[in-house]
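Here the structure is laid out as structure tokens; the discussion comes afterwards.
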Amino acid sequence: MTDPSPSEPTAAPEPATPRVPKRVVASRSGAANAKAAAKIGAAERDFKKYLPYIGVASTIGVLALLVRTPRFASAGCLAIGCVLGALLLWLGHSYRVSLPADDKLRWMLTPITAMILAVAFVPFARVVFPPPPVGVVQLSASDEHHEIPVNSATNLWIDVSGRQSPTAVGLADYTLALSLDAQRQRVAGRLRGEPGDPVLHERNTLAIHGPGTLRVELRGLSSAIATPITVQVHGRLVPTMPLLVVLGALWILAAMIDTALYRRGVEPSYAAAMGIPLIAVAYYQLRTITGESMPTELAGGALLGAILGGLGGEVLARIGRMLAPK
């Protein structure tokens with residue numbers, strides 16, 4: 001008698017998949033599309049906010065390349081400054097078009113942005129294309145002196161240059177006595193040069209100020225320097241302190257506009273963007289920039305403007321938003 005084979009287990013029936021109504025599917029897809037659109041909009045806003053910093057980084061990179069091309073350094077730096085200014089002007093205009101047509105800030109935003117950039121552009125252009133020296137004198141013997149009329153320059157500096165004597169012994173020291181009306185200053189300097197370059201240079205910032213008649217007198221000259229030596233007198237036509245006050249006032253104005261945009265429902269970076277050229281121009285005004293160091297100094301000013309101007313502008317904007325919330 002054979003045992004019956006065991007019966008195979010019967011699989012349990014799978015539960016039926018509930019049907020989702022078409023309206024629910026449509027609502028879910030609509031929510032997903034809305035979420036994706038919100039992410040895209042947030043990415044666009046972030047890109048627009050950090051666009052000035054991207055422009056500054058690009059400017060620094062191009063300036064680093066222009067260091068190798070001194071022939072086109074001035075024209076290239078000026079062109080890059082114009083491009084960066086146009087980028088910041090476009091940024092201000094982009095905030096303008098997002099405001100209602102009857103808003104007073106809408107028609108004020110572009111002129112104020114243009115004014116800020118124009119104030120920053122004039123000192124920048126004078127750095128790229130510096131004016132000629134106020135006066136140039138050559139001195140050959142001790143106690144020899146010349147007079148140079150200084151009309152409106154307030155901040156003065158001198159460039160002293162000379163050739164190394166073929167029988168040079170010792171250091172290339174010199175001593176000048178300068179006087180402008182009742183102001184007097186003694187400059188004891190030392191000329192230095194690059195290896196293989198027979199011309200020696202030195203630059204000195206003066207404590208005396210114009211206008212008036214500047215008297216330059218040679219008091220001492222080392223035998224290591226061949227006569228004559230050349231003294232070039234340079235001056236800044238714009239006083240440093242008033243310019244810094246104007247730049248600070250414009251930055252505060254940019255922070256006020258940033259706060260006004262925030263109160264209108266816009267997430268701006270206006271104060272940070274305007275702080276970039278203002279800080280850079282302040283750096284150029286405080287520095288004495290030569291032709292050889294101009295590309296490097298311009299890159300340093302742009303980097304300083306991106307760091308201090310961007311961060312400082314955000315701080316000013318945050319303070320304004322706390323004082324005047326929505």
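A short reminder: the numbers here are calculations on the coordinates, not readings from a lab. Only a predicted model underlies this, so the values are computations on that prediction, with no experimental measurement involved.
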From Cα pairs below 8 angstrom and at least 6 apart in sequence, can you work out the relative contact order of the range 166-299, rounded to a whole percent?
21
Can you tell me the length gained on complete extension of the stretch Asp181 to Arg321, counting 0.36 nm per residue apart and subtracting the Cα distance?
45.3 nm
Below 8 Å, C-alpha to C-alpha, sequence gap of six or more: please give me the relative contact order for the range 135-236 in percent.
50
Hey, what's the per residue convex hull volume over the C-alpha atoms of the range 135-236, in cubic angstrom?
83
